[in-house]
Amino acid sequence: MLIRLQKFLAEAQVASRRRSEEIIKQGRVSVNGAVVDILGAKIDDEKDIVCVDGKPVEKYEKLLYIMLNKPEGCVTTASDQFNRKTVMYYVKDISQRIYPVGRLDYDTSGLIILTNDGDLTYKLTHPKHNIEKTYLAVVDKMPSAENMERFRKGVIIDGKKTAPAYIEKAGENRLEIKIHEGRNRQVRKMCAAIGSSVQKLKRIAIGDIKLGNINKGEYRYLNDDEIKYLKSL
Ligand code: URA
């Protein structure tokens with residue numbers, strides 16, 4: 001990724017942004033062997049070798065934890081083979097490489113976590129951890145009490161029964177649903193199995209981490225308690 005030299009130095013914890021500017025102006029910084037003493041130069045933080053006083057600067061990978069309110073109309077991958085918009089579009093001002101944890105469908109909105117903490121990603125996406133995810137679904141018609149009960153016990157989708165799940169009415173044609181498996185289009189398929197078609201789907205929580213009122217397409221950093229909670233799962 002192309003990044004301003006002083007930003008790179010600050011992120012690598014060489015010095016503050018302002019102090020890094022001074023170090024550059026003093027002619028103490030080289031990029032691929034050539035001194036760069038003017039501000040505004042950009043470097044490729046994956047390829048270029050930056051030295052301060054002749055010593056190479058290692059890129060410092062600070063662990064970042066972000067929650068995004070994913071809008072509909074984008075895929076939850078770092079890059080898409082069909083060139084569709086991805087969730088990365090909404091976090092493009094973050095210069096460190098981060099990745100989405102788990103997936104939401106192209107047409108689902110809501111809470112998605114992005115991080116560069118590989119251990120946490122592994123943990124949160126591993127089926128054995130069974131983390132509960134909460135969704136709000138708008139359906140074409142409300143299921144009967146009997147069908148809601150069937151849903152709670154688990155329904156057959158793609159030839160296999162789902163684990164027991166939570167479903168409650170949450171307003172007109174609205175359902176709150178909690179599942180802890182991560183099968184393909186699971187909520188949509190489970191609703192279809194009880195005769196209701198999902199028109200809109202939004203994830204509002206992952207375990208105790210709640211989306212709250214972040215606007216669609218916006219993100220915020222997780223706070224220390226949220227990070228601690230996710231690591232404790
Ligand atoms: N279930 C779905 O059907 N879609 C999602 O995006 C997530 C859960």
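The values are calculated or read from the model by the stated rules, or taken from the named source; none is laboratory data. No experiment lies behind these values; they were computed from the predicted model shown. We place every Cβ from the backbone using ideal geometry, glycine too, and count neighbours over all the protein chains shown.
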From the option list 152, 174, single residue qualifying as out of contact with any Leu (no Cβ under 9 Å at 6 or more places or on another chain) and either acidic (Asp, Glu) or away from the ligand (no atom under 15 Å from the Cβ) (or both) is 152
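Would you say residue 68 is within 22 Å of residue 224 (Cβ to Cβ), within 13 Å of the ligand (Cβ to nearest atom), in a strand (DSSP E or B) and within 14 Å of the chain's Cα centre (by Cα)?
Considered against the rule, which asks whether it is within 22 Å of residue 224 (Cβ to Cβ), within 13 Å of the ligand (Cβ to nearest atom), in a strand (DSSP E or B) and within 14 Å of the chain's Cα centre (by Cα), residue 68 comes out as no.
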Residues within segment 103-118 that are part of a loop (DSSP other than H, G, I, E, B) and either within 16 Å of the ligand (Cβ to nearest atom) or out of contact with any strand residue (DSSP E or B) (no Cβ under 8 Å at 6 or more places or on another chain) (or both), tallied = 5
Report whether or not residue 141 is free of Cβ contacts under 8 Å to residues at least 40 places away in the same chain and either over 25 Å from residue 45 (Cβ atoms) or assigned by TED's automatic domain parsing to the domain that holds residue 205 (or both).
-> no
In the set 80, 37, 48, the lone residue that is under 21 Å from the mean Cα position of the chain (by Cα) and outside any helix (DSSP H, G or I) is 80
Within the group 222, 201, which residue is within 16 Å of the ligand (Cβ to nearest atom), assigned by TED's automatic domain parsing to the domain that holds residue 105, at pLDDT 95 or above and of a type in the set (A, V, I, L, M)?
-> 201
Taking segment 132-186 as the region of interest, how many residues are among the small types (Gly, Ala, Ser) and within 21 Å of residue 107 (Cα to Cα)?
-> 3
Filter segment 80-102 down to residues that are within 16 Å of the ligand (Cβ to nearest atom) and in contact (Cβ under 8 Å) with a residue 40 or more places away in the chain, then give me how many there are.
-> 1
Do we have residue 189 as within 15 Å of the ligand (Cβ to nearest atom), farther than 25 Å from residue 229 by Cβ, surrounded by fewer than 18 Cβ atoms within 10 Å (Cβ to Cβ) and modelled with pLDDT of 95 or more here?
-> yes
